[in-house]
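**Student:** Attaching a single structure in structure tokens format; questions to follow.
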Amino acid sequence: MLGNIGLLAGLVLLIVMALRGVNILIAALSASLVVAVTNGMGISEALLQNFPFGPLGAFSFAGKFFVLFLTGAVFGKMMAASGAAGSIASAVTRKLGAKHTILVSMLVCAMLTYGGVVVFVVIFTMYPLGVALMREANLPKRLFCGAVALGAGTFTMTALPGTPSIHNVIAASALGTDLFAGAFIGIVAAVVMFVLGMVYLERQWTKARANGEGYVANSQDENMEQLAPTLTHGPNWKLSVLPLVVVLSTIILPRLLTATGLVTENTAGLGGLVTFANGEPIIWPSFALVLGAASCVVLFASFRAKAMQSLGSGADDAIMPLLNTAAVIGFGGVVTQTSGFGAFAQWVLELPLPPLLSVFASVSVVSAIVGSGSGGLQIFMQTFAERYLALGVEPETLHRIATLGSGGLDSLPHCGAVIAMLTIMGLKHREAYKDIFVVTVAIPVIATLTAIGIVTAF
């Protein structure tokens, strides 16, 4: 009984500390300590073994995915520093106009994240331009925040096949699938997220106009808007898109060559390379991101003098997102060693639910507990995946449903990405979280259930 109370107390402590802006590393360690003490675990065992180096340890995760985080951050930094990301954003804005500010913000964020640019870089890229757009369109800032969350943190993160997101890579690495696993399921879910998200945000904007609600600036806006003029000095938008094309093409091409039968593992020359690419869900996307970063240097002459500086800055930018994600996984690593979690796992598996609904329930709850989709998915793959495979769930289907499920309840108020976005934009939970909740929690849950229903029916 005390152990179960301790699990709940640890989770509540993690959520409260995150909401109060406490560093997630400190919050995760403190919550882990509460769980360890109340469950009769040795403090040394919990904090020096299970938290850092266990099967779900923070550094076990960080070591495995370090290269992917590093290359993603470097590519994102080079896209931002070269002005390419800003040029893409400006081009989309010019094409669609300020009256479509929500659609513009969502599309730019989706393009950049699907192309491999990390979420935090996308927010910093879009925000300065967004200030001018919000002012011109009189768009409430909470809805701009919702549009960014929809484009950067939903369907490009968990649904679209081929995305180099950490969620997609975790599932592929654990199940031996590739980044295109469950492509049809993912596309269906992505369409649902896109359509429902846009309908919700546009309706909210209509209601806001009717109620006289509009854009209200804060101190963050003035500081960030000063960065916006530099975006207009970037390269031509057509040239700016090419690094994104390089990344996605590098990821997609081996799969296409194999699917069409043009190349097999016995094909001279290309056979070995294609087989390697299809069998390396971490290294190959990382290589694609390296090629994307290199293409920035090749394509943008004015950027070459700053390339090495951006390389170092990008490497620095990789550290905190990696450590923050690893910290919540380390908390999960302590939780999974308790008898209470074992009982929970058994309870979930024994629920009278169809296997895919059971998958959705288990990965959603775990992601909610740790406040991280990638953290929850990693824990799920380590503790639940084999049991569902034994129940007859196909690896490709499990890959996509589990990935989709991890991207719903992960975005509760204590989610690190949510807190970071609100902090960057100078907003409080009470001002903007309702819209973030709808587009990153409620709608992804609906999309996942829709996908499950279609898979079950056909």
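**Student:** Report the FRET efficiency, 1/(1 + (r/R0)^6), for LEU273 and ALA315, where r is their Cβ-Cβ distance and R0 is 22 Å, rounded to 0.05.
**Tutor:** Working: r = 27 Å, r/R0 = 1.23.
After rounding, the FRET efficiency stands at 0.20.
**Student:** Next question. How big is segment 233-306 on each of its three principal axes, counting only the C-alpha atoms and giving the largest first in Å?
**Tutor:** For segment 233-306, the Cα extents along the three principal axes come out at 47, 21, 20 Å.
**Student:** Report, in whole Å, the centroid distance computed from the Cα atoms of segment 398-458 and segment 92-148.
**Tutor:** Computed from Cα coordinates, the inter-centre distance equals 19 Å.
**Student:** Quick one: net charge of ILE185's neighbours, Cβ under 15 Å, K/R +1, D/E -1?
**Tutor:** -2
**Student:** Per residue, how much accessible area does segment 231-286 have with a 1.4 Å probe, in Å²?
**Tutor:** Ligands and nucleic acids excluded, the result is 56 Å² per residue.
**Student:** Using the alpha carbon gyration tensor of segment 307-355, what are the three equivalent-ellipsoid semi-axes (square root of 5 times each eigenvalue), largest first, in whole Å?
**Tutor:** Semi-axes, largest first: 40, 14, 5 Å.
**Student:** Let me ask something additional. Along Cα→Cβ, 7 Å out, is where each label goes; now give me the distance between the ones at ARG430 and ALA457 in nm to one decimal.
**Tutor:** 4.3 nm
**Student:** Excluding ligands, DNA and RNA, what is the solvent-accessible area per residue of segment 4-146 at a probe of 1.4 Å, expressed in Å²? Write out the running numbers ahead of the final one.
**Tutor:** Numbers: 5250 Å² over 143 residues.
Per residue, segment 4-146 has 37 Å² of solvent-accessible surface.
**Student:** Loop only by DSSP, 15 or fewer other Cβ within 10 Å of the Cβ. Give me the chymotrypsin sites (Phe, Trp or Tyr not before Pro) in segment 335-365 that pass, ordered by residue number.
**Tutor:** Working: sites: PHE341, PHE344, TRP347, PHE360; in loops: none.
The qualifying sites: there are none.
**Student:** By Kyte-Doolittle mean hydropathy of at least -1.0 and Cα axial length of at least 30 Å, which whole DSSP H helices of the chain are selected?
**Tutor:** 58-81, 183-210, 237-259, 307-335
**Student:** Roll a 1.4 Å probe over the protein chains and send me the accessible area per residue for segment 316-366 in Å².
**Tutor:** Averaged over the residues of segment 316-366, the accessible area is 38 Å².
**Student:** With an 8 Å cut-off on Cα pairs and a minimum separation of 6 or more residues, tell me the relative contact order of segment 50-108 in percent.
**Tutor:** Dividing the mean separation by the residue count of segment 50-108 yields 16 percent.
**Student:** For the peptides 373-380, 288-295, what is the packing order when you average, over each peptide's residues, the other Cβ atoms within 10 Å and list the highest mean first? Provide the component values of the computation, followed by the final result.
**Tutor:** Details: 373-380: 30.8, 288-295: 22.0.
Result, highest mean first: 373-380, 288-295.
**Student:** Another one. Which whole-number percentage describes the relative contact order of the chain, with Cα contacts under 8 Å and a sequence gap of 6 or more?
**Tutor:** Relative contact order, the chain: 26 percent.
**Student:** Counting Lys and Arg as +1 and Asp and Glu as -1, what is the net charge of the other residues whose Cβ lies under 11 Å from the Cβ of THR258?
**Tutor:** Neighbourhood net charge equals -1.
**Student:** Listed highest first by mean packing, meaning other Cβ atoms within 10 Å per residue, what order do 127-136, 1-10, 202-211 come in?
**Tutor:** Going from most to least packed, we get 127-136, 1-10, 202-211.
**Student:** From the cross-link list LYS99/LYS141; LYS77/LYS99; LYS77/LYS141, which pairs have alpha carbons spaced over 20 Å apart?
**Tutor:** In this structure, LYS77/LYS99; LYS77/LYS141 lie more than 20 Å apart at Cα.
**Student:** In addition: With a 1.4 Å probe and every protein chain kept in, tell me what percent of the accessible surface of the chain is carbon plus sulfur.
**Tutor:** With neighbouring chains kept in place, the figure for the chain is 67 percent.
**Student:** Which order do peptides 391-400, 169-178, 146-155 fall in by mean Cβ count within 10 Å, highest first?
**Tutor:** 146-155, 169-178, 391-400
The values are calculated or read from the model by the stated rules, or taken from the named source; none is laboratory data. Keep in mind it's a predicted model, so treat the numbers as computed, not measured. We place every Cβ from the backbone using ideal geometry, glycine too, and count neighbours over all the protein chains shown. Quick note on the areas: whole protein, heavy atoms, side chains included, nothing else; ligands and nucleic acids left out. Shrake-Rupley method; radii C 1.70, N 1.55, O 1.52, S 1.80 Å.
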